[in-house]
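Engineer: Handing you a structure now.
All of the numbers you see were taken from the coordinates with simple rules; none came from a lab. Quick caveat, the model's predicted, so the values are computed rather than measured. A quick note on method: Cβ atoms are made from the backbone with ideal geometry, for glycine too, and the neighbour counts reach across all protein chains shown.
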Amino acid sequence: MTAELKAARHDAILSITLSNPGRGNALDPSMLTAAIETLSAVDRDDSVRAVVLAGEGSQFSQGMELPQDAPGRLQALESLHSLVDMLRSYRKPVIAAVDGLAADAGLALALACDLVVATRQAQFALTPAQQGTWATGGATWLLAQALPPALLAELHLDPAPLGAQRLHAAGIVNRLAADGRALQEALAWAEHLAAQGSASPQATELLKEMLRDARGQSLEQHFNGEKRRLAARRA
């Protein structure tokens, strides 16, 4: 069986499933391209109010399968970067449903989502030095925004995965689900968020923009952003 990206509508929710049977749902260039195209196609479709990203079966994604040639590897990494950036800046809420292992590039995709639902048995790992690929899609940067230095160092220096319960305590995982229930829990949460934002999808977009901006702003810059958004609303 070949790697593919599966997309399905659940009323106002779009689910995207990483599928690479027998390979731990490892990402390949075609999956990355398909994900970018799928998200782009529904970006301005207000009938889609939230997105859920999951892996097929009992795994999220074990990482990236890189082409053998150097130009192909670089192009694949750039596609991964584009997808991570798109998820972080997407105008609709995006929830990662993590079961099994989320490693390296797979971990980056989960971290790029707004919210993470993981089973209690889920595991998270970074192994760039051991794998020799370094194609983690910005996972180090994403983790550094949220984790204390000691836990960040442990994830990088010790290849043993960290369990979902530890990352839940650290604030990376929002909700814990029973084994095999991450996708169902994520879809239910997405439906709830879609209903909350049904009156104004634009308000959700502005809220996500404000949250992104706040991480790198001074308080004065944040004040100015509030004024700008208020002026735009009045206009």
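Engineer: As a test of understanding, state the convex hull volume per residue of the stretch 77-159 from its alpha carbons, in Å³.
Structural biologist: For the stretch 77-159, the hull spanned by Cα atoms encloses 91 Å³ per residue.
Engineer: Sticking with this one: Once fully extended, how much extra length lies between GLU154 and HIS81, figured as 0.36 nm per residue of separation less the alpha-carbon to alpha-carbon distance?
Structural biologist: The span from GLU154 to HIS81 would gain 23.9 nm if fully extended.
Engineer: Separate question: For log10 I(q)/I(0) by the Debye sum over Cα atoms at q = 0.07, 0.15 Å⁻¹, the listed values are [x] -0.22, -1.02; [y] -0.34, -1.12; [z] -0.27, -0.98; which was obtained by calculation from the structure presented?
Structural biologist: The value matching this structure is [x].
Engineer: Please report, in debye to the nearest 20, how large the charge dipole of the chain is about its Cα centre when each Lys and Arg carries +1 at its beta carbon and each Asp and Glu carries -1 there.
Structural biologist: 740 debye
Engineer: Where in the stretch 159-226 are there trypsin sites (Lys or Arg not before Pro) that are in a DSSP coil and have at most 12 other Cβ atoms within 10 angstrom of their Cβ?
Structural biologist: Qualifying residues, ordered by number: ARG215.
Engineer: Report for the chain the percent antiparallel among DSSP-assigned beta bridges with both residues inside it, nearest 5.
Structural biologist: So the antiparallel bridges amount to about 30 percent of the total.
Engineer: Compute the angle between helix 29-42 and the longest alpha-carbon principal axis of the chain, please, reported from 0 to 90 degrees and rounded to the nearest 10.
Structural biologist: 20 degrees
Engineer: Helix 219-234 against the longest principal axis of the chain: what's the angle in degrees, Cα atoms only, rounded to the nearest 10?
Structural biologist: Computed tilt is about 60 degrees.
Engineer: Another question about this same structure. Hey, what did the chain get for relative contact order, percent, Cα under 8 Å, at least 6 apart?
Structural biologist: This gives 18 percent for the chain.
Engineer: Ok, one more. For the stretch 202-224 and the stretch 150-165, what is the separation of their Cα centres, given in Å?
Structural biologist: Here the two parts' Cα centres lie 30 Å apart.
Engineer: What is the helix-to-structure angle for 201-214, meaning the angle in degrees between its Cα long axis and the longest Cα principal axis of the chain, kept from 0 to 90 and rounded to the nearest 10?
Structural biologist: Approximately 70 degrees, to the nearest 10.
Engineer: Further question on the same structure: List, in order, the whole-Hz ³J(HN,Hα) value for each residue of the stretch 166-179 obtained from phi through the Karplus relation with A = 6.51, B = -1.76, C = 1.60 and θ = phi - 60°; use x for Gly and Pro.
Structural biologist: With coefficients 6.51, -1.76 and 1.60, one gets 5, 6, 5, 5, 7, x, 7, 9, 7, 9, 9, 10, 5, 3 Hz.
Engineer: Could you check the simple spin-label distance between ARG212 and LEU74, using points 7 Å along Cα→Cβ, in nm with one decimal?
Structural biologist: Label-label distance for ARG212 and LEU74, simple model: 2.7 nm.
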